[in-house]
Amino acid sequence: MRKPVVLITGAAGEIGHALVDHLVADGSEATITVDLRPLEPDLDAKVTRAFTGSILDQALLDAIQAEYAVDRIFHLAALLSTRCEYTPVAAHEVNVRGTLNLLEFAAGQARSHGSTVAFFYPSSIAAYGIPADIEAPDSGWREAQHTLPTTMYGCNKLYCEHLGRYYAHHYKQLDAEPQAGRVDFRSLRFPGLISAHTLPSGGTSDYAPEMIHAAAQGQPYECFVRPDTRIPFMAMPDAVDAILAFCAAPRQQLTQTVYNLTAFAPTADAIRSLVLQEFPKAQIGYTVDDRRQRIVDSWPQRVDDSAARSDWGLAPRFDLDAAFGEYLIPTIAARYAAAKP
Ligand code: AKB
(Lines give C-alpha, C1' and ligand atoms only; values in the text may rest on other atoms or scores of the structure.)
Protein backbone atom coordinates (compact mmCIF):
# COMPACT_ATOMS: atom_id res chain seq x y z
CA MET A 1 0.00 0.00 0.00
CA ARG A 2 1.59 3.27 -1.09
CA LYS A 3 1.88 6.00 1.55
CA PRO A 4 -0.28 9.16 1.01
CA VAL A 5 2.02 12.19 0.87
CA VAL A 6 2.43 15.81 -0.18
CA LEU A 7 5.18 16.45 -2.74
CA ILE A 8 7.11 19.74 -2.79
CA THR A 9 9.56 20.39 -5.63
CA GLY A 10 12.13 23.14 -5.18
CA ALA A 11 11.78 22.69 -1.42
CA ALA A 12 15.25 24.11 -0.73
CA GLY A 13 14.37 27.36 -2.47
CA GLU A 14 12.90 30.60 -1.13
CA ILE A 15 9.21 29.70 -1.09
CA GLY A 16 9.90 26.01 -0.53
CA HIS A 17 11.95 26.65 2.60
CA ALA A 18 9.06 28.61 4.17
CA LEU A 19 6.31 26.27 2.92
CA VAL A 20 7.92 23.05 4.15
CA ASP A 21 8.06 24.53 7.64
CA HIS A 22 4.30 25.16 7.59
CA LEU A 23 3.34 21.83 6.09
CA VAL A 24 5.41 19.72 8.47
CA ALA A 25 4.26 21.84 11.43
CA ASP A 26 0.69 21.08 10.37
CA GLY A 27 1.66 17.41 10.51
CA SER A 28 -1.57 16.38 8.86
CA GLU A 29 0.19 14.60 6.02
CA ALA A 30 3.65 13.19 5.34
CA THR A 31 5.80 15.42 3.14
CA ILE A 32 8.36 14.40 0.56
CA THR A 33 10.58 16.85 -1.31
CA VAL A 34 12.63 17.01 -4.49
CA ASP A 35 15.38 19.56 -5.05
CA LEU A 36 18.73 19.70 -6.80
CA ARG A 37 20.21 20.86 -3.50
CA PRO A 38 19.94 18.97 -0.22
CA LEU A 39 17.52 20.43 2.31
CA GLU A 40 19.00 22.29 5.28
CA PRO A 41 19.44 19.78 8.14
CA ASP A 42 16.63 21.25 10.24
CA LEU A 43 14.17 20.92 7.35
CA ASP A 44 15.53 17.53 6.28
CA ALA A 45 14.79 16.21 9.74
CA LYS A 46 11.17 17.30 9.47
CA VAL A 47 10.19 15.75 6.13
CA THR A 48 9.40 12.10 5.47
CA ARG A 49 11.88 11.86 2.60
CA ALA A 50 14.05 14.47 0.85
CA PHE A 51 15.08 13.39 -2.65
CA THR A 52 18.13 15.23 -3.99
CA GLY A 53 17.63 15.20 -7.73
CA SER A 54 16.12 16.84 -10.79
CA ILE A 55 12.50 17.17 -11.87
CA LEU A 56 13.90 16.32 -15.33
CA ASP A 57 14.98 12.88 -14.07
CA GLN A 58 12.14 10.62 -15.20
CA ALA A 59 13.60 7.63 -13.35
CA LEU A 60 13.41 9.61 -10.09
CA LEU A 61 9.79 10.63 -10.74
CA ASP A 62 8.92 7.01 -11.63
CA ALA A 63 10.47 5.78 -8.39
CA ILE A 64 8.44 8.29 -6.38
CA GLN A 65 5.35 7.36 -8.39
CA ALA A 66 5.83 3.70 -7.45
CA GLU A 67 6.43 4.27 -3.74
CA TYR A 68 4.03 7.06 -2.79
CA ALA A 69 0.41 8.03 -3.33
CA VAL A 70 0.78 11.78 -3.88
CA ASP A 71 -2.45 13.73 -3.47
CA ARG A 72 -1.02 17.26 -3.26
CA ILE A 73 1.86 18.78 -5.27
CA PHE A 74 3.47 22.16 -4.65
CA HIS A 75 5.67 22.55 -7.75
CA LEU A 76 8.08 25.34 -6.80
CA ALA A 77 11.23 24.30 -8.69
CA ALA A 78 12.18 26.99 -11.26
CA LEU A 79 14.97 29.15 -12.65
CA LEU A 80 14.23 32.86 -12.10
CA SER A 81 14.04 35.72 -14.57
CA THR A 82 17.56 37.13 -14.79
CA ARG A 83 19.19 33.70 -14.85
CA CYS A 84 16.78 32.55 -17.58
CA GLU A 85 17.96 35.34 -19.89
CA TYR A 86 21.48 33.97 -19.78
CA THR A 87 20.35 30.36 -20.38
CA PRO A 88 16.97 30.50 -22.18
CA VAL A 89 17.03 26.88 -23.40
CA ALA A 90 17.92 25.56 -19.94
CA ALA A 91 15.14 27.79 -18.59
CA HIS A 92 12.64 26.16 -20.93
CA GLU A 93 13.87 22.71 -19.95
CA VAL A 94 13.53 23.32 -16.21
CA ASN A 95 10.57 25.68 -16.14
CA VAL A 96 8.44 24.12 -18.89
CA ARG A 97 9.52 20.51 -19.42
CA GLY A 98 9.97 20.16 -15.67
CA THR A 99 6.43 21.40 -15.12
CA LEU A 100 5.10 19.11 -17.86
CA ASN A 101 6.84 16.19 -16.13
CA LEU A 102 5.11 17.05 -12.86
CA LEU A 103 1.71 17.50 -14.53
CA GLU A 104 2.11 14.08 -16.17
CA PHE A 105 3.15 12.74 -12.76
CA ALA A 106 -0.01 14.24 -11.23
CA ALA A 107 -2.23 12.76 -13.98
CA GLY A 108 -0.58 9.38 -13.45
CA GLN A 109 -1.11 9.57 -9.70
CA ALA A 110 -4.77 10.54 -10.21
CA ARG A 111 -5.27 7.56 -12.52
CA SER A 112 -3.57 5.14 -10.15
CA HIS A 113 -5.26 6.16 -6.90
CA GLY A 114 -8.48 7.20 -8.60
CA SER A 115 -8.86 10.59 -6.93
CA THR A 116 -8.00 14.19 -7.70
CA VAL A 117 -4.45 15.47 -7.28
CA ALA A 118 -4.18 19.09 -6.13
CA PHE A 119 -1.42 20.90 -8.03
CA PHE A 120 -0.16 24.32 -6.92
CA TYR A 121 1.92 26.30 -9.41
CA PRO A 122 3.65 29.62 -8.61
CA SER A 123 3.34 31.96 -11.54
CA SER A 124 4.68 35.50 -11.51
CA ILE A 125 4.17 39.15 -12.41
CA ALA A 126 6.71 38.28 -15.11
CA ALA A 127 3.77 36.82 -17.06
CA TYR A 128 2.87 40.44 -17.88
CA GLY A 129 4.51 42.57 -20.55
CA ILE A 130 3.39 46.15 -19.89
CA PRO A 131 4.01 48.57 -22.78
CA ALA A 132 6.35 51.41 -21.77
CA ASP A 133 3.95 54.22 -22.59
CA ILE A 134 0.92 53.35 -20.46
CA GLU A 135 0.14 53.96 -16.82
CA ALA A 136 -1.40 51.23 -14.68
CA PRO A 137 -4.97 51.95 -13.51
CA ASP A 138 -5.06 52.87 -9.79
CA SER A 139 -6.54 49.45 -9.06
CA GLY A 140 -3.75 47.71 -11.00
CA TRP A 141 -3.81 45.36 -14.00
CA ARG A 142 -6.18 42.40 -14.03
CA GLU A 143 -5.00 38.83 -14.74
CA ALA A 144 -6.02 38.86 -18.41
CA GLN A 145 -4.50 42.22 -19.36
CA HIS A 146 -1.15 42.73 -21.18
CA THR A 147 0.02 39.13 -20.85
CA LEU A 148 2.77 39.61 -23.47
CA PRO A 149 5.90 38.73 -21.47
CA THR A 150 9.29 39.94 -22.72
CA THR A 151 11.43 37.41 -20.82
CA MET A 152 11.93 33.67 -21.23
CA TYR A 153 10.91 33.26 -17.58
CA GLY A 154 7.70 35.20 -18.18
CA CYS A 155 6.96 33.13 -21.31
CA ASN A 156 7.61 29.95 -19.29
CA LYS A 157 5.30 31.04 -16.48
CA LEU A 158 2.47 32.14 -18.77
CA TYR A 159 2.64 28.94 -20.85
CA CYS A 160 2.62 26.76 -17.73
CA GLU A 161 -0.48 28.60 -16.50
CA HIS A 162 -2.16 27.43 -19.72
CA LEU A 163 -0.60 23.96 -19.50
CA GLY A 164 -2.08 23.54 -16.04
CA ARG A 165 -5.46 24.71 -17.26
CA TYR A 166 -5.26 22.08 -20.03
CA TYR A 167 -4.42 19.29 -17.58
CA ALA A 168 -7.24 20.37 -15.32
CA HIS A 169 -9.98 20.73 -17.91
CA HIS A 170 -9.05 19.29 -21.31
CA TYR A 171 -6.40 16.59 -20.79
CA LYS A 172 -6.67 13.78 -23.38
CA GLN A 173 -10.13 15.10 -24.30
CA LEU A 174 -10.38 12.73 -27.29
CA ASP A 175 -9.84 9.60 -25.17
CA ALA A 176 -12.72 7.15 -24.86
CA GLU A 177 -12.55 7.94 -21.13
CA PRO A 178 -11.39 11.58 -20.88
CA GLN A 179 -9.08 12.33 -17.96
CA ALA A 180 -10.29 15.89 -17.34
CA GLY A 181 -10.98 16.86 -13.73
CA ARG A 182 -8.35 14.63 -12.19
CA VAL A 183 -5.75 17.41 -11.66
CA ASP A 184 -6.95 20.36 -9.59
CA PHE A 185 -4.49 22.94 -10.96
CA ARG A 186 -4.30 26.30 -9.19
CA SER A 187 -1.81 29.13 -9.70
CA LEU A 188 -0.84 32.42 -8.04
CA ARG A 189 1.02 35.18 -9.89
CA PHE A 190 3.52 36.17 -7.22
CA PRO A 191 5.00 39.66 -7.00
CA GLY A 192 8.55 40.11 -5.77
CA LEU A 193 8.88 38.13 -2.53
CA ILE A 194 11.02 39.21 0.42
CA SER A 195 12.15 36.62 2.95
CA ALA A 196 14.02 37.23 6.19
CA HIS A 197 15.44 33.71 6.09
CA THR A 198 16.61 33.11 2.54
CA LEU A 199 18.15 35.21 -0.22
CA PRO A 200 16.82 34.74 -3.76
CA SER A 201 19.18 33.96 -6.60
CA GLY A 202 18.74 34.92 -10.20
CA GLY A 203 15.64 37.07 -9.87
CA THR A 204 15.19 40.61 -11.15
CA SER A 205 13.10 41.67 -8.16
CA ASP A 206 16.02 40.60 -5.95
CA TYR A 207 17.20 44.19 -5.43
CA ALA A 208 14.78 44.56 -2.48
CA PRO A 209 15.88 41.54 -0.41
CA GLU A 210 19.52 41.98 -1.47
CA MET A 211 19.49 45.59 -0.23
CA ILE A 212 18.06 44.61 3.15
CA HIS A 213 20.33 41.62 3.74
CA ALA A 214 23.43 43.60 2.66
CA ALA A 215 22.65 46.43 5.10
CA ALA A 216 22.02 43.96 7.93
CA GLN A 217 25.50 42.52 7.33
CA GLY A 218 27.13 45.93 7.08
CA GLN A 219 27.94 45.36 3.41
CA PRO A 220 27.68 48.12 0.79
CA TYR A 221 25.05 47.56 -1.91
CA GLU A 222 24.55 49.00 -5.38
CA CYS A 223 20.89 48.79 -6.43
CA PHE A 224 20.65 47.74 -10.09
CA VAL A 225 17.37 49.55 -10.84
CA ARG A 226 16.46 53.23 -10.81
CA PRO A 227 15.23 54.85 -7.55
CA ASP A 228 11.75 55.41 -9.04
CA THR A 229 11.30 51.75 -10.06
CA ARG A 230 8.05 50.44 -8.68
CA ILE A 231 6.75 46.84 -8.67
CA PRO A 232 4.50 44.89 -6.28
CA PHE A 233 6.05 42.92 -3.41
CA MET A 234 4.94 40.67 -0.58
CA ALA A 235 6.55 39.40 2.62
CA MET A 236 7.24 35.65 2.46
CA PRO A 237 4.98 34.72 5.42
CA ASP A 238 2.05 36.28 3.53
CA ALA A 239 3.01 34.35 0.39
CA VAL A 240 2.92 31.05 2.27
CA ASP A 241 -0.35 31.94 4.02
CA ALA A 242 -1.83 32.81 0.61
CA ILE A 243 -0.75 29.48 -0.91
CA LEU A 244 -2.32 27.53 1.98
CA ALA A 245 -5.55 29.56 1.99
CA PHE A 246 -5.89 29.37 -1.81
CA CYS A 247 -5.26 25.61 -1.90
CA ALA A 248 -7.73 25.02 0.93
CA ALA A 249 -10.53 26.95 -0.79
CA PRO A 250 -13.37 24.77 -2.12
CA ARG A 251 -13.12 24.52 -5.91
CA GLN A 252 -16.64 25.88 -6.38
CA GLN A 253 -15.59 29.14 -4.69
CA LEU A 254 -12.98 29.85 -7.38
CA THR A 255 -13.96 31.81 -10.47
CA GLN A 256 -10.42 31.67 -11.91
CA THR A 257 -7.51 29.22 -12.20
CA VAL A 258 -4.83 31.93 -11.94
CA TYR A 259 -4.94 34.81 -9.44
CA ASN A 260 -2.92 37.97 -8.85
CA LEU A 261 -1.82 38.81 -5.35
CA THR A 262 0.09 41.74 -3.85
CA ALA A 263 0.69 43.45 -0.51
CA PHE A 264 2.64 46.65 -1.23
CA ALA A 265 4.27 48.34 -4.25
CA PRO A 266 7.05 50.68 -3.10
CA THR A 267 9.67 52.38 -5.22
CA ALA A 268 13.24 51.15 -4.85
CA ASP A 269 14.04 54.44 -3.10
CA ALA A 270 11.22 53.95 -0.59
CA ILE A 271 12.77 50.58 0.29
CA ARG A 272 16.19 52.24 0.59
CA SER A 273 14.77 54.87 2.95
CA LEU A 274 13.25 52.21 5.21
CA VAL A 275 16.53 50.28 5.26
CA LEU A 276 18.49 53.44 6.16
CA GLN A 277 16.04 54.14 9.01
CA GLU A 278 16.93 50.76 10.48
CA PHE A 279 20.62 50.72 9.43
CA PRO A 280 21.71 54.41 9.33
CA LYS A 281 25.30 53.49 8.40
CA ALA A 282 24.22 51.38 5.44
CA GLN A 283 25.94 52.31 2.18
CA ILE A 284 23.30 51.90 -0.54
CA GLY A 285 23.94 53.41 -3.97
CA TYR A 286 22.53 52.98 -7.48
CA THR A 287 24.34 51.41 -10.42
CA VAL A 288 21.52 50.85 -12.90
CA ASP A 289 21.82 47.76 -15.10
CA ASP A 290 19.87 48.90 -18.16
CA ARG A 291 19.17 45.33 -19.26
CA ARG A 292 17.68 44.27 -15.91
CA GLN A 293 15.91 47.64 -15.72
CA ARG A 294 14.16 46.85 -19.01
CA ILE A 295 12.88 43.58 -17.52
CA VAL A 296 11.47 45.25 -14.40
CA ASP A 297 9.99 48.07 -16.51
CA SER A 298 7.98 45.43 -18.43
CA TRP A 299 6.38 44.25 -15.18
CA PRO A 300 3.27 45.88 -13.69
CA GLN A 301 3.71 48.70 -11.18
CA ARG A 302 0.49 47.53 -9.56
CA VAL A 303 -1.74 44.46 -9.97
CA ASP A 304 -5.43 44.06 -9.20
CA ASP A 305 -5.88 41.23 -6.69
CA SER A 306 -9.57 41.85 -6.04
CA ALA A 307 -10.54 38.42 -7.44
CA ALA A 308 -8.27 36.69 -4.89
CA ARG A 309 -9.66 38.82 -2.08
CA SER A 310 -13.28 38.08 -3.01
CA ASP A 311 -12.99 34.42 -4.11
CA TRP A 312 -10.79 32.96 -1.35
CA GLY A 313 -10.13 35.69 1.19
CA LEU A 314 -6.59 36.88 0.37
CA ALA A 315 -5.65 39.17 3.29
CA PRO A 316 -1.92 39.91 3.64
CA ARG A 317 -0.86 40.68 7.23
CA PHE A 318 2.11 42.86 6.31
CA ASP A 319 1.91 46.21 4.56
CA LEU A 320 5.27 47.88 3.75
CA ASP A 321 5.90 49.33 7.21
CA ALA A 322 4.79 46.17 9.03
CA ALA A 323 6.84 43.99 6.68
CA PHE A 324 9.92 45.94 7.69
CA GLY A 325 9.10 46.71 11.32
CA GLU A 326 7.48 43.45 12.42
CA TYR A 327 9.06 40.83 10.14
CA LEU A 328 12.13 41.69 8.09
CA ILE A 329 14.23 43.90 10.35
CA PRO A 330 13.84 42.03 13.65
CA THR A 331 14.21 38.60 12.00
CA ILE A 332 17.15 39.52 9.78
CA ALA A 333 18.97 41.42 12.53
CA ALA A 334 18.57 38.41 14.85
CA ARG A 335 19.74 36.07 12.09
CA TYR A 336 22.97 37.95 11.43
CA ALA A 337 23.57 38.77 15.08
CA ALA A 338 23.40 35.03 15.82
CA ALA A 339 25.83 34.38 12.96
CA LYS A 340 28.45 36.79 14.35
CA PRO A 341 31.43 35.02 16.02
C1 AKB B 1 12.10 37.17 -10.29
O2 AKB B 1 12.56 38.26 -9.96
O3 AKB B 1 12.43 36.55 -11.30
C4 AKB B 1 11.04 36.55 -9.39
C5 AKB B 1 9.69 36.95 -9.85
C6 AKB B 1 9.24 38.35 -9.76
O7 AKB B 1 8.93 36.10 -10.30
N8 AKB B 1 11.27 36.98 -8.02
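The values are calculated or read from the model by the stated rules, or taken from the named source; none is laboratory data. Since this is a predicted model, take the numbers as computed values, not measurements. Ideal geometry is used to build each Cβ from the backbone, glycine not excepted, and the neighbour counts take in all protein chains shown. Accessible surface is based on the protein model in full, side chains and every heavy atom, while ligands, DNA and RNA are left aside. Shrake-Rupley method; radii C 1.70, N 1.55, O 1.52, S 1.80 Å.
Structure notes:
- Number of positions in the stretch 25-57 that are in contact with a helix residue (DSSP H, G or I) (Cβ under 8 Å, 6 or more places away or on another chain) and in a helix (DSSP H, G or I): 1
- Filter result for Val47 (hydrophobic (A, V, I, L, M, F, W, C) and either farther than 15 Å from Val94 by Cα or out of contact with any Phe, Trp or Tyr (no Cβ under 7 Å at 6 or more places or on another chain) (or both)): yes
- Near pairs, Cβ below 6 angstrom, 6+ apart or cross-chain, from the stretch 140-156 (in contact (Cβ under 8 Å) with a residue 12 or more places away in the chain and within 14 Å of Thr82 (Cβ to Cβ)) to any residue that is part of a helix (DSSP H, G or I) and β-branched (Val, Ile, Thr): Thr151/Ile295; Asn156/Val96
- Just one of (1) among the polar types (S, T, N, Q); (2) buried (at least 20 other Cβ atoms within 10 Å of the Cβ); (3) more than 16 Å from the ligand (Cβ to nearest atom) fails for Gln145. It is (2).
- Search result, residues across the stretch 111-126 that are more than 9 Å from the ligand (Cβ to nearest atom) and part of a helix (DSSP H, G or I): Arg111, Ser112, His113
- Residue check for Glu177: in contact with a strand residue (DSSP E or B) (Cβ under 6 Å, 6 or more places away or on another chain), more than 22 Å from Val96 (Cα to Cα) and open to solvent by 50 Å² or more (accessible area, probe 1.4 Å): no
- Flag if Pro237 is open to solvent by 10 Å² or more (accessible area, probe 1.4 Å), closer than 19 Å to Ala323 by Cβ and in a helix (DSSP H, G or I): yes
- So Ser187, is it within 16 Å of Ile8 (Cβ to Cβ), touching a residue at least 24 places away in the same chain (Cβ under 8 Å), under 13 Å from the mean Cα position of the chain (by Cα) and not in a helix (DSSP H, G or I): yes
- Subset of the stretch 128-178 (residues that are touching a helix residue (DSSP H, G or I) at 6+ places or on another chain (Cβ under 8 Å) and of a type in the set (Gly, Ala, Ser)): Gly129, Ala132, Ser139, Gly154, Gly164
- Criterion (assigned by TED's automatic domain parsing to the domain that holds Ala18 and within 16 Å of the ligand (Cβ to nearest atom)) met by exactly one of Glu210, Glu177, Glu161: Glu161
Matching residues to (1) in contact with a helix residue (DSSP H, G or I) (Cβ under 6 Å, 6 or more places away or on another chain); (2) modelled with pLDDT under 95; (3) under 29 Å from Tyr121 (Cβ atoms); (4) not hydrophobic (A, V, I, L, M, F, W, C):
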residue: Ala235; (1), (2), (3), (4): yes, no, yes, no
residue: Ile243; (1), (2), (3), (4): no, no, yes, no
residue: Phe246; (1), (2), (3), (4): yes, no, yes, no
residue: Asn260; (1), (2), (3), (4): no, no, yes, yes
residue: Trp312; (1), (2), (3), (4): yes, no, yes, no
residue: Leu320; (1), (2), (3), (4): no, no, yes, no
residue: Ile329; (1), (2), (3), (4): yes, yes, no, no
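- Residues (part of a helix (DSSP H, G or I) and open to solvent by 20 Å² or more (accessible area, probe 1.4 Å)) located in the stretch 246-270: Cys247, Ala248, Arg251, Gln252, Gln253, Asp269, Ala270
- Output for the stretch 36-53, where each listed residue is touching a Leu at 6+ places or on another chain (Cβ under 9 Å), touching a residue at least 24 places away in the same chain (Cβ under 8 Å) and open to solvent by less than 40 Å² (accessible area, probe 1.4 Å): Val47, Ala50
- Members of the stretch 102-139 found to be farther than 30 Å from Gln293 by Cα and open to solvent by 20 Å² or more (accessible area, probe 1.4 Å), listed by number: Glu104, Arg111, Ser112, His113, Gly114, Ser115, Thr116, Ala118
- Condition broken by Ala63, with the remaining ones in (1) open to solvent by less than 50 Å² (accessible area, probe 1.4 Å); (2) assigned to a helix (DSSP H, G or I); (3) of a type outside the set (Val, Ile, Thr) satisfied: (1)
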